[in-house]
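Below: one structure, written as structure tokens.
The values are calculated or read from the model by the stated rules, or taken from the named source; none is laboratory data. What you see is a predicted model; the values in this text were computed from it and never measured. Cβ placement follows ideal geometry from the backbone for every residue including glycine, while neighbour counts extend to all protein chains displayed. Calculation scope for accessible area: heavy atoms of the full protein, side chains included, ligands and nucleic acids excluded. Shrake-Rupley method; radii C 1.70, N 1.55, O 1.52, S 1.80 Å.
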Amino acid sequence: MKEEIHIGKLIQAKMEAEGRSVTWLAKQLNCYRSNVYKIYQKQTIDMDLLLRISKILKTDFFNYYSDILHTDIK
């Protein structure tokens, strides 16, 4: 069975866990709030953007993909 990652939901969950606002992330990314809401809706995301978000939130979001990869190749 293929595991699916919804990266936008993971980012949103991290933001909520830290009590961060959409406005805060938008300022960090130098974009509009509406763009952050669009990120939350995305199942996949551009790697450069994911890297920026990972650095901003000090979270390795790539690890979710890596865990699945390592599980699949065992």
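Only residues that are within 11 Å of the chain's Cα centre (by Cα) and outside any loop (DSSP other than H, G, I, E, B) were counted in the range 1-59, giving 23. Just one of (1) modelled with pLDDT of 95 or more; (2) open to solvent by 90 Å² or more (accessible area, probe 1.4 Å); (3) of a type in the set (Phe, Trp, Tyr) fails for residue 61. It is (2). Screening the candidates 46, 72 for the property of being open to solvent by 90 Å² or more (accessible area, probe 1.4 Å) and in contact with a Lys or Arg (Cβ under 9 Å, 6 or more places away or on another chain) yields one hit, 72. Filtering the range 1-30 to residues that are loosely packed, with under 15 Cβ neighbours inside 10 Å and among the small types (Gly, Ala, Ser) leaves 13, 17, 19, 21.
When we screen 33, 52 for residues that are without any contact (Cβ under 8 Å) to a residue 24 or more places away in the chain, open to solvent by 60 Å² or more (accessible area, probe 1.4 Å) and in contact with a Leu (Cβ under 7 Å, 6 or more places away or on another chain), the only hit is 52.
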